[in-house]
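Read-outs: derived from the displayed coordinates by stated rules, not from any lab. All of these numbers come straight from a predicted model, not from anything done at the bench. Don't worry about glycine lacking a Cβ; one is built from the backbone with ideal geometry, like all the others, and counts go over all protein chains shown.
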Amino acid sequence: MFNDIGPLELVTIIVLAVLVFGPDKLPKVIQDVMRTVRKIREFSESAKQDIRQELGPEFKDFEFEDLNPKTFIRKQLDNDDLGLKEIRNGFDLKKEMAEVTDAVHSRDSDSTSSASGSAGGRVDMTKKPEDGTDRDDRPPFDADAT
C-alpha cells in the first residue's frame, strides 16, 4: 500500500503526527486508526463472501481481482483454449526482421541489375523514367483550388 514512501517521507509523517497530536495522544490515535482499518477490511471481506454466496456454485472460482481490466486481459491472454501461446511462441521477431531485410536488399540488387526497371514484377519507384521526358515538372499552383 505504501510501497513508494521513502525513509525521509516516513520520518516527516511521524514528526508531523507527533506535533499535531502530541506524544501523549499519539498512541490512542494510532489504535483508533488501526481499529478503523480492521473494521473496513472485515466489512469488505464479508461483502465479498455475501456476493460469492449469492452468485452460486457456478461462480466458485470468481475472483474480484479479475474485475481489474489489466488482470482480466492478462488472464485471458494466458488462456490455452485460444491457442495464443503457440502463436506467441511461433513468432520470432528477429527472424521476421531478417527476412524483411533480406527481401529489401535483394530487391535493391535486382532492380539495379535489371535494365527494364522492374524486378520480379515489382516497379522501382525511385528510378526515373528512361523515355527522356522530365517528370520533375510540377503542375502550376492554383491558389483558388486550395
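Computing FRET efficiency as 1/(1 + (r/R0)^6) for residue 67 and residue 89, where r is the C-beta to C-beta distance and R0 is 30 Å, gives about 0.55. Of 37, 20, 7, which is farthest along the charge dipole of segment 1-41 in the positive direction, counting Lys and Arg as +1 and Asp and Glu as -1 at C-beta? Selected residue: 37.
Given axes a ≥ b ≥ c from the Cα gyration tensor, I'd like to know whether segment 1-75 is rounded (a/c under 1.5), prolate (a/b larger than b/c) or oblate.
Working: a/c = 6.74, a/b = 1.98, b/c = 3.40.
Note, shape of segment 1-75 comes out oblate.
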